[in-house]
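Undergrad: The structure follows.
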Amino acid sequence: MLPSQTPLSFPAAPVRLTCRLCGCGHDTIALARGERASCARCGALLAARSRFDTDAPLAFALTGLLLAYPAFTLPLVKVAKFGSARDGLVLTGVAALWRHDMRLLAVWVLFCGALAPLALLVVLGGLLAPSRFALPWRTGASWWRAARALDHWAMPEVQVLAVLVALFKLGRLVNVSLQTGFWCYAAMAAMILLAWRTCEFAPRPAADVRAGKLT
Amino acid sequence: MNFFPSNLQRRRRAQCAALACAAAIMLVPANLLPVLRTNLSGRVRTDTIFSGIVGLCEDGNWAIGAIVFVASILIPALKLVGLATLLFATRRGAPAHAHGLTRLFALLDFIGRWSMLDVFLAGFLAGVVRFGALANIEPRSGIAAFAAAVVLTVLATATFDPRSLWPAAAERLAA
């Protein structure tokens, strides 16, 4: 339910937020830290104020971007058999699928495991940085829609689980060990989740909400 | 083009049903065809999704086998049954149990991505185990069918409009 003891944050005009699951409209209100507003009809989460500082999502996104370089260039695992060793990177699987003529699948794995997570971090940075650093340009509702679409297909956490499962599966065939790239990739996946979760349901800029762009 | 909400919702339901049917069809080759071919010092083994899970359990990796079973067999099946339930419930307007069905939709939307586990796994295994005749793993066509089924179920869920579960409830609330 919407907490009623807190004052309205945008009193200038009647502002409505629409629940994406049931379509029920709600007035916007100010939320205290850690407070969540749920849909009065279906109970879905409408908005949430993070326990972290307002700069936290941007900090998570920028940390994720910093981690992306080692995550994609350093090996995730080292595999050895009879004295011969191979490094496995994020793109190793993509290359294997491409080599076996599964090119559409290779592109798809590349998109879900590398491009979409990276693009999501860039979009989040582009959304949050202008207001924090008082940059002259602003990003609007179209960037939020892009972030939502990218979040749907960015699956770094599934890739992390796949590498861990591969570790167990390979254990009886070859000698395999986790490398630095894996921890960077896992940390990047965690940063994406934290950045997105802390800003997905964050209160939007009043101008965007009043313009009816964000529902 | 007609933009009345009822027609729009009907069209989206039809699209969702078509995508769910296509996913169900793709799951047949995905589960029957091999997804991986393993060559270990001349001993060749081809695995389907299910035989791969059985292999993990036989090696004592029960927890990992359970994770792969949930991601690769249970979630796609659950998604198709869930989508069929949602489509059946909304075939004649908004259903009575809108609250529970909305939670079901939210669950289907959340779990869908985890089915990609087997696709990432097959690609990664094929990429790192390349030691010629000593040890070699290759992806097989089953994994492409499985990936197509996963993408189709995700698209089917994205096409379904959960707001179509609610109009009758809204009328009840208004009354």
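Undergrad: Answer yes if at least one residue in the stretch B:124-134 is more than 7 Å from chain A (Cβ to nearest Cβ) and in contact with a helix residue (DSSP H, G or I) (Cβ under 9 Å, 6 or more places away or on another chain), and no otherwise. Please lay out each step first, then the result.
TA: Taking the stretch B:124-134 and keeping what is more than 7 Å from chain A (Cβ to nearest Cβ), we get B:132-133.
Remaining after also requiring in contact with a helix residue (DSSP H, G or I) (Cβ under 9 Å, 6 or more places away or on another chain): none.
Within the stretch B:124-134 (the criterion being more than 7 Å from chain A (Cβ to nearest Cβ) and in contact with a helix residue (DSSP H, G or I) (Cβ under 9 Å, 6 or more places away or on another chain)), the answer is no, since none of the residues qualifies.
Undergrad: Do we have any residue at all in the stretch A:152-160 that's farther than 24 Å from A:Pro75 by Cα and either more than 10 Å from every other protein chain (Cβ to nearest Cβ) or not basic (Lys, Arg) (or both)? Steps first, answer last, please.
TA: Here is the first cut: in the stretch A:152-160, the ones farther than 24 Å from A:Pro75 by Cα are A:152.
Among the residues that remain, those that are also either more than 10 Å from every other protein chain (Cβ to nearest Cβ) or not basic (Lys, Arg) (or both) are: A:152.
Scanning the stretch A:152-160, I find at least one residue that is farther than 24 Å from A:Pro75 by Cα and either more than 10 Å from every other protein chain (Cβ to nearest Cβ) or not basic (Lys, Arg) (or both), so the answer is yes.
Undergrad: Kindly indicate whether A:Leu121 is over 20 Å from A:Asn175 (Cβ atoms), at the interface with another protein chain (Cβ under 9 Å from one of its Cβ atoms) and outside any loop (DSSP other than H, G, I, E, B). Outline the logic, then answer.
TA: On the way: over 20 Å from A:Asn175 (Cβ atoms): yes; at the interface with another protein chain (Cβ under 9 Å from one of its Cβ atoms): no; outside any loop (DSSP other than H, G, I, E, B): yes.
Taking the combined requirement at face value, the residue does not satisfy it.
Undergrad: Given the criteria at the interface with another protein chain (Cβ under 8 Å from one of its Cβ atoms), at pLDDT 85 or above, more than 30 Å from A:Arg41 (Cβ to Cβ) and touching a Pro at 6+ places or on another chain (Cβ under 9 Å), does B:Gly142 qualify? First the steps, then the outcome.
TA: Numbers: at the interface with another protein chain (Cβ under 8 Å from one of its Cβ atoms): no; at pLDDT 85 or above: yes; more than 30 Å from A:Arg41 (Cβ to Cβ): yes; touching a Pro at 6+ places or on another chain (Cβ under 9 Å): yes.
So B:Gly142 fails the test.
Undergrad: Return the pair list, or none, for Cβ contacts closer than 8 Å from residues in the stretch B:112-123 that are more than 7 Å from every other protein chain (Cβ to nearest Cβ) to residues that are at pLDDT 90 or above and outside any helix (DSSP H, G or I), at least 6 apart or on different chains.
TA: B:Asp118/B:Val35; B:Ala122/B:Val35; B:Ala122/B:Leu36; B:Ala122/B:Pro139
Undergrad: Just need a number here: residues in the stretch A:52-85 that are touching a Gly at 6+ places or on another chain (Cβ under 7 Å) and without any contact (Cβ under 8 Å) to a residue 12 or more places away in the chain.
TA: The number of residues fulfilling the criteria is 0.
Undergrad: For residues that are within 7 Å of chain B (Cβ to nearest Cβ) and in contact (Cβ under 8 Å) with a residue 24 or more places away in the chain, scanning just the stretch A:171-198, find the one that is surrounded by the fewest Cβ atoms within 10 Å (Cβ to Cβ).
TA: A:Leu173
The values are calculated or read from the model by the stated rules, or taken from the named source; none is laboratory data. All values reported here derive from a predicted model rather than from experimental measurement. Virtual Cβ from ideal backbone geometry, glycine too; neighbours counted across all protein chains shown.
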